[in-house]
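What follows is a single structure, written as structure tokens, with notes after it.
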Amino acid sequence: MALVQIENVSKTYQMGEVPVKALQDVSLSIEEASFVSFVGPSGSGKTTILNLIGCLDKPTAGDVFVAGEHINLLNRKQSAAFRGSALGFIFQSFNLLPVLTAYENIEYPLVMIKNISQSIRSKAVHKVLKAVGIMEQKDKFPDQLSGGQKQRVAVARALVTQPKLVLADEPTANLDKKSAVNVIQLMRAMRDEFGTTFIFSTHDPKIMKEAEVIFTLEDGMLVN
Ligand code: ADP
Ligand code: MG
């Protein structure tokens, strides 16, 4: 089975009386270690599909399988455990904790897992700090870092638990053009180094051309 398998998935949100069809009968699969982008204009369903793959939401119809888990069948607690063990997330607005240093932000997901010793945490954090090229910034706080450096910290934080899959919803939307391309190329290098699958969304043509597989959404429908 593919790492991600989406079968006839629809998602309808209810806005008061009005149903909003955010996704309509989408089927696709994503292989392990691929570098994938969902593209489409604002409102086309990119966030919705990433939330379904990220086990943050459930489809109205259809089935979603991620890393062999039939994720529509998981309850809230099981979903949270699955996210913690198999997935990493990168956000548009970085979502770093301002009171923690770069090092501590990256260490944070490991602190949340019980029974990981300080020395194992330190090894894991140093490995990803080195991989993303921000060793010299490790003791700085987020407000002392540029946007591109913050997103590097966020990439390292997403990778530190060695997830199978990293999801990034418009990770370059708050970056200048050069930093944006740099961050996407860094993500691809991390895929090469660790074999982690990356799925990101964007509506920027310069960014989407860095992807190896592109799924285009229009009005909640897959058009390629
Ligand atoms: P994108 O990320 O491509 O901009 P979204 O997945 O956020 O698109 O949204 C797809 C459609 O679903 C849009 O019409 C949006 O307004 C609607 N939508 C998204 N989330 C909700 C929600 N929680 N409640 C109601 N409608 C929503
Ligand atoms: Mg969105």
Rounded tilt (10° steps) of 177-194 against the dominant C-alpha axis of the chain: 90 degrees
Run the simple label-point estimate for Asn51 and Met135 please: 7 Å along Cα→C-beta, distance reported in nm. 4.1 nm
If one takes the longest principal axis of the Cα atoms in the chain, at what angle in degrees, from 0 to 90 and to the nearest 10, does the Cα axis of helix 118-132 lie? 70 degrees
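Counting each DSSP H run of 4 or more residues in the chain as -39500 (n - 2.57), what helix-only mean residue ellipticity at 222 nm follows after dividing by all residues, to the nearest 500 deg cm²/dmol? Each step should come with its number before you reach the end.
Numbers: 7 runs with 79 residues, N = 224.
-11000 deg cm²/dmol, from helical runs alone.
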What is the antiparallel percent of DSSP beta bridges lying wholly in the chain, to the nearest 5? 50 percent
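Can you tell me the relative contact order of the stretch 77-224? Whole percent, Cα pairs under 8 Å, sequence separation 6 or more.
Working: 201 pairs, mean separation 40.8, N = 148.
Rounded, it is 28 percent for the stretch 77-224.
Can you work out the FRET efficiency for the pair Ala2 and Glu193, with r the C-beta to C-beta distance and R0 = 25 Å, to the nearest 0.05?
0.70
Any idea what the alpha-carbon Rg over 2.2 N^0.38 Å comes to for the chain?
Numbers: Rg = 17.4 Å, N = 224, 2.2 N^0.38 = 17.2 Å.
Compactness ratio reported: 1.01.
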May I ask for the angle, rounded to the nearest 10°, between helix 76-86 and the longest principal axis of the chain, with both axes built from Cα atoms and the value confined to 0 to 90°? 50 degrees
Taking amide H positions as placed in the peptide plane 1.01 Å from N, state which residues far from Ala168 in sequence (5 or more) or on other chains have amide H under 5 Å from it. Ile90, Ile199, Phe200, Ser201
Nonlocal amide H pairs with Thr216, under 5 Å, H built at 1.01 Å: Val39, Val223, Asn224
With θ set to phi - 60° and the Karplus curve 6.51 cos²θ - 1.76 cosθ + 1.60, what are the ³J(HN,Hα) couplings of the stretch 209-224 in order, to the nearest whole Hz, using x for Gly and Pro? 6, 7, 7, 8, 10, 10, 10, 9, 10, 9, 6, x, 10, 7, 10, 9
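Here, each number is a calculation from the coordinates, and none is a lab measurement. Fair warning: this is a prediction, and the values are worked out from it, not measured in the lab. With ideal geometry, Cβ positions are generated from the backbone for all residues, glycine too; neighbour counts draw on all protein chains shown.
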